[in-house]
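The values are calculated or read from the model by the stated rules, or taken from the named source; none is laboratory data. Since the model is a prediction, treat every value here as computed from it, not as a measurement. Note that each Cβ is placed from the backbone with ideal geometry, even for glycine, and that neighbours are counted across all protein chains shown.
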């Protein structure tokens, strides 16, 4: 193997080998789409059979059917059952506490959480985590992370252009997810938003006294990293849900340097 | 009963192959959402043909074949508001994430190849398909696969060179 082939293989491996995704919903959508296609195919077959029946009837009137020998072979052949495969541990529907725990785990090191709360209803596919934070630079901010259903394929939202808009642009997150990042002046401060439409995560950071982006508790890159974190969303791991239960304990304060979820954090896949 | 048994078998199979299909799809198209869409379309086709798929010598190879064909025949839906620009990743910041930066460099480099060349490179060097297997899956001659592969690799290497030097 020459050096170029080795380089390409290595780059492929480095780029995608560790990536994961929500297999459960992808498979569920794939099978429901398949069922729809099957129904459509049955309808077409039904139409074709009706047409064939009419043809047979017409031909039958004139003499013997030319289809008689073929119709007997149309049934599907039985095949041996598929090999049994093991099922990877799936992501599970997130709870409000689970989302809080996932967000706290995704914060950059040395970020202090002064207070936190959560709202929304997982059954209605919208949950939010609200945190008052002090960033590594000492600036205060309020972080609202909303997990909701991702927008379906082919739909997109554009940037509004209000007078207080500082910037709004399409961005490509490091995971490959597209998002909108926007910043507004807001009551004398700055409000920064990252909307990962197709991942179903919207994050807003409000910094009441900030005069510039440098005075935000978390810089845009940190917000983007939370947005594309695989455990932040309507689905997360059981471990995050368990960890989230501790948030309900009176007086509980999340650790200042959070544990960053690594590959062994229980994300489904290989 | 048989229908639900087939659905169960399919779900089991799809749960295992979907991540691998997704990684191939991402290399083929360089777009997370489109990769998910391609996998979903491929899974729907596999569901429809499950009897044939489950009876194949290698159901997973069959699944990858369906994915490749789905990618080659896919026509992108025009999205009026999504126009990712080259500089935005820098704006959002990936300098501290070596893997993410390398991934984006690779996607940009792969995007410079045409669809068939990309499919050949991904099949040969990610899925480890032989020249014969690649030719069979893409419906072309082995000679054409060799020729296109030998032209695509230096192009890809050249496209990756600036990123390699910066590393």
Screening A:151, A:143, A:192, A:166 for residues that are within 18 Å of residue A:218 (Cβ to Cβ), surrounded by fewer than 17 Cβ atoms within 10 Å (Cβ to Cβ) and modelled with pLDDT of 70 or more leaves only A:166
If you go through B:156, B:160, the only one that is surrounded by 15 or more Cβ atoms within 10 Å (Cβ to Cβ), more than 17 Å from the chain's Cα centre (by Cα) and within 16 Å of residue A:2 (Cβ to Cβ) is B:160
Restricted to the stretch A:207-249 and to residues being within 14 Å of another protein chain (Cβ to nearest Cβ), crowded, with 22+ Cβ neighbours inside 10 Å and within 15 Å of residue A:191 (Cβ to Cβ), the residue farthest from the chain's Cα centre (by Cα) is A:216
When the stretch A:1-25 is checked residue by residue, the ones that are in contact with a helix residue (DSSP H, G or I) (Cβ under 8 Å, 6 or more places away or on another chain), at pLDDT below 75 and part of a helix (DSSP H, G or I) are A:23, A:24
Picked from the stretch B:115-145 (must be within 13 Å of chain A (Cβ to nearest Cβ), assigned to a helix (DSSP H, G or I) and in contact (Cβ under 8 Å) with a residue 60 or more places away in the chain), the residue nearest to residue A:11 (Cα to Cα) is B:122
Expected single match for in contact (Cβ under 8 Å) with a residue 60 or more places away in the chain and at positive phi among A:233, A:251, A:244, A:200 is A:233
Somewhere in the stretch A:202-216, is a residue under 12 Å from residue A:145 (Cα atoms), modelled with pLDDT of 85 or more and outside any strand (DSSP E or B)? no
Scanning the stretch A:105-143 for residues that are part of a helix (DSSP H, G or I) and touching a helix residue (DSSP H, G or I) at 6+ places or on another chain (Cβ under 8 Å), the one nearest to the other protein chains (Cβ to nearest Cβ) turns out to be A:106
Here the residues within the stretch A:195-206 that are surrounded by fewer than 23 Cβ atoms within 10 Å (Cβ to Cβ) and more than 14 Å from the chain's Cα centre (by Cα) are A:204, A:206
